[in-house]
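The values are calculated or read from the model by the stated rules, or taken from the named source; none is laboratory data. This one's a predicted model, so the numbers in the text were calculated from it and none came from an experiment. Counting neighbours? That spans all protein chains shown, and the Cβs are built from the backbone with ideal geometry, glycine included. The protein model used for the area step is the full one, side chains on, heavy atoms only, and it has no ligands, DNA or RNA in it. Shrake-Rupley method; radii C 1.70, N 1.55, O 1.52, S 1.80 Å.
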Amino acid sequence: MNENRNKIIVKTSFLILLLLMPVYAQSIGSNIYKLSIADAAHHLADVSVEFHDIKSQTFVVKLPVWRTGRYEILDLPANIRKFKAYDAKGRPLQWQKINKNSWQITSNGANSIEVHYQIYANRLRDRVSHIDSTHAFLDASGVFIYNEEQRQKSLEVRLQVPTAWHSVSGLKSLAKDTFWAANYDQLVDSPIESGLHSLRTFTVEEQQYQILVWGDGNYDMDVLQSDISKLHHQAKFIWKSFPFSNYVFMYHAGNMLRGATEHVNSTIIQTDHFGFYPRKKYHKLISVTSHEFVHTWNVKAYRPAGISPYDYDKENYSDLFWMAEGTSSYYDKLLAARAGIFTIEEFLDDLAEDILEYSHKPGRKVMSLAESSYNTWLANNKSRTHNATVSIYLKGSLVSWLLDQQIRELSNNNKNLDDLSYLLYKNFAQSAQGYSSADVRQLLRELTGHDFTEFWQDYVEGTKAIDFDRLLAYYGLKIEEDTAADEEEEHIAFGWELQEENGLLKIAVIDADGSAWHAGLAQDDLLVAINGFQVNDDNIDKVLENLQANNTYSLSYFNQGQLKTTKIQAVQAPPAKLNIVAVDKISRKQQNHFESWLKHRFSK
Ligand SMILES: [Zn+2]
């Protein structure tokens, strides 16, 4: 054999070996997850998982009962069927279910176990799993089982999907349709989207970003790329560094889809096909995009105690979910405004809308943010939520805004919420335990030299009213009622929200302490007649137009199928819209506060 040729062969083999090494090295000892689509039309896939280094006689595999980013028990194990377990030689192993999300396998001394099962992936709107002929969206919490003792072990995911599909995830890609995760926690926080997509890859400074859209939609990739690049710079301004080198923005554009979930270095955002345009819709979408991106630091990099590390078997409690969600809600708009994605007017309109919505909720006097944080795992109906709870998002965002202003005021405008956020990132990004309320108050003391116990008691653990006039005045702003908007709305109110049902008007939400409440009406009552006139969806506006505030009227309605009549008082309708505008005479100080807050010049 020609010696030169031999050398070439040796060199080539060495090169091939070198190229294969990273994949091979990372896979040694890793648990191997394989998923192949069995019946796309009916959302079915076959999954097999190889577990190695098994040392015990019984081996328990589990599926989480909730998924990260959604604090609700979702009963994910209901999607598993045809469960089977084998040893390395393919001999079946005995197993039994020991609770709703755990399968106990008798290992018979086997060092490796292979588990097979079928997964039903049809939970698109829960952002858990969805398989059809165009894609597979896989959040591991609802798809891939794990073993608690091997949770920190590395693993590999190999997908068998149509060759035309491409697979994208925040996970490290080893080969086409193959990913590697350092451990199960990383896997559950890194959904995989495999299918036919629009994909854009770009870098901003050192970070690589991907925008992926599944489904048809009226999106403009250039606009998304441009705005995401702006968000990158605003996030860097606050947190100074990035806890990722690559990040994936996944969008699902589908019929009436909505909602989004944050993950470690990716997010899944769902919207309607036509949710990207016009401006009003895009405004909402980019707020959500910003919100999920903020979560990369706030909740993914640093987490409240109680949800760190995750317990996948049950609810994970914290009195700080309001900071995880509310502070992210405050920042989503603030980042967009600072970046120039929102105009200042749009930003202030959003704030005014939040103030109005919050002021209309009777629940603000009933429940504290800390209690609502704990209760985030409990569901209430719409009316009960309105009357007896506060939103960790809405009130959480407003209290974050107040906290920001308090830090500024007490530090002579030298410190603010950005500094607190940076310190939480710096001090707790590597913390296994997460941060507590006491930790936050300690940081606030360090930043301002002041004690925040009273603030906490009033606004976090208590239900003290927020003084929005004072808060706005700090920035040279004030609230004004939008009289033009009032003229377009009803001039009287009964304290209810109506909804059409089978031709009748149903009370969907009733204000605690409102007129309807005092008249004895309740949620789900069906209106029949007011002031002697039959009412329905078509004529209700006309009937109400002819009533006067402070007058009492007769009202007939069905309650539990029985016709009843009561007296009800019409009251003056609350403002339909608020505007936030500049104060008449702004001081130099107020102007400085405004400009350091929004990074824009103050203009009337
Ligand atoms: Zn969120």
Touching a Leu at 6+ places or on another chain (Cβ under 7 Å) and surrounded by 13 or more Cβ atoms within 10 Å (Cβ to Cβ): is that true of Tyr459 in this structure?
yes
Filtering the stretch 236-259 for residues that are in contact with a helix residue (DSSP H, G or I) (Cβ under 9 Å, 6 or more places away or on another chain), more than 19 Å from Gln430 (Cα to Cα), of a type in the set (A, V, I, L, M, F, W, C) and open to solvent by less than 20 Å² (accessible area, probe 1.4 Å) leaves a count of 1
(Q) If I filter the stretch 126-148 for residues that are among the aliphatic types (A, V, I, L, M) and surrounded by fewer than 14 Cβ atoms within 10 Å (Cβ to Cβ), do I get at least one hit? (A) no
(message) Would you confirm, using the coordinates I've provided, whether Glu501 is open to solvent by 40 Å² or more (accessible area, probe 1.4 Å), of a type outside the set (Phe, Trp, Tyr), assigned by TED's automatic domain parsing to the domain that holds Phe558 and within 32 Å of the chain's Cα centre (by Cα)?
(response) yes
Any chance Lys300 is open to solvent by 10 Å² or more (accessible area, probe 1.4 Å), in contact (Cβ under 8 Å) with a residue 60 or more places away in the chain, within 14 Å of the ligand (Cβ to nearest atom) and under 25 Å from Gln186 (Cα atoms) = yes
How many residues of the stretch 178-213 are over 24 Å from the mean Cα position of the chain (by Cα) and surrounded by 20 or more Cβ atoms within 10 Å (Cβ to Cβ)? The answer is 2
For the stretch 199-213, pairs from a residue that is closer than 14 Å to Ser167 by Cα to a residue that is among the β-branched types (Val, Ile, Thr) and at pLDDT 95 or above, with Cβ under 6 Å and 6 or more apart or across chains, are Arg200/Ile211; Gln210/Thr201; Gln210/Val248; Leu212/Val168
Checked the stretch 496-528 for anything touching a helix residue (DSSP H, G or I) at 6+ places or on another chain (Cβ under 9 Å), not in a loop (DSSP other than H, G, I, E, B) and not β-branched (Val, Ile, Thr); matches are Trp496, Glu497, Leu498, Leu505, Ala508, Trp517, Leu527
Exception for Asp332 within (1) of a type in the set (Asp, Glu); (2) open to solvent by 20 Å² or more (accessible area, probe 1.4 Å); (3) under 21 Å from the mean Cα position of the chain (by Cα) falls at (2)
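The rows are residues; the columns are (1) crowded, with 23+ Cβ neighbours inside 10 Å; (2) in contact with a Lys or Arg (Cβ under 7 Å, 6 or more places away or on another chain); (3) at pLDDT 95 or above.
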{"residue": "Ser359", "(1), (2), (3)": "no, no, yes"}
{"residue": "Pro362", "(1), (2), (3)": "no, no, yes"}
{"residue": "Ala379", "(1), (2), (3)": "no, no, no"}
{"residue": "Trp401", "(1), (2), (3)": "yes, no, yes"}
Pairs returned, first residue in the stretch 124-138 that is assigned by TED's automatic domain parsing to the domain that holds Ala164 and assigned to a loop (DSSP other than H, G, I, E, B), second residue that is open to solvent by 10 Å² or more (accessible area, probe 1.4 Å) and of a type in the set (Phe, Trp, Tyr), beta-carbon separation under 8 angstrom, 6 or more apart or interchain, are Thr134/Trp214
Going through (1) farther than 19 Å from Pro191 by Cβ; (2) touching a residue at least 60 places away in the same chain (Cβ under 8 Å); (3) open to solvent by 40 Å² or more (accessible area, probe 1.4 Å) one by one, Lys82 fails only at (2)
Reported set for the stretch 562-604 where residues are over 30 Å from Leu526 (Cβ atoms), outside any strand (DSSP E or B) and of a type in the set (A, V, I, L, M, F, W, C) is Val583, Ile586, Phe594, Trp597, Leu598, Phe602
Selection from the stretch 88-107 of residues without any contact (Cβ under 8 Å) to a residue 24 or more places away in the chain, open to solvent by 60 Å² or more (accessible area, probe 1.4 Å) and of a type outside the set (D, E, K, R) yields Pro92, Gln94, Trp95, Gln96, Asn99
Here the residues within the stretch 266-286 that are crowded, with 18+ Cβ neighbours inside 10 Å and within 16 Å of the ligand (Cβ to nearest atom) are Ser266, Thr267, Ile268, Ile269, Gln270, Thr271, Leu285, Ile286
Considering residues that are surrounded by 17 or more Cβ atoms within 10 Å (Cβ to Cβ) and either touching a residue at least 40 places away in the same chain (Cβ under 8 Å) or small (Gly, Ala, Ser) (or both), the number found within the stretch 423-436 is 5
Scanning the stretch 479-495 for residues that are not hydrophobic (A, V, I, L, M, F, W, C) and not in a strand (DSSP E or B) gives Asp482, Thr483, Asp486, Glu487, Glu488, Glu489, Glu490, His491, Gly495
The one condition Trp456 fails out of (1) in contact with a Lys or Arg (Cβ under 7 Å, 6 or more places away or on another chain); (2) touching a residue at least 40 places away in the same chain (Cβ under 8 Å) is (2)
Please determine whether any residue of the stretch 321-331 is away from the ligand (no atom under 16 Å from the Cβ), at pLDDT 95 or above and acidic (Asp, Glu).
no
Residue count, the stretch 347-389, condition among the small types (Gly, Ala, Ser), under 19 Å from the mean Cα position of the chain (by Cα) and part of a helix (DSSP H, G or I), comes to 3
Condition set in contact (Cβ under 8 Å) with a residue 60 or more places away in the chain and open to solvent by 50 Å² or more (accessible area, probe 1.4 Å), scope the stretch 108-123, selection nearest to Arg70 (Cα to Cα): answer is Asn122
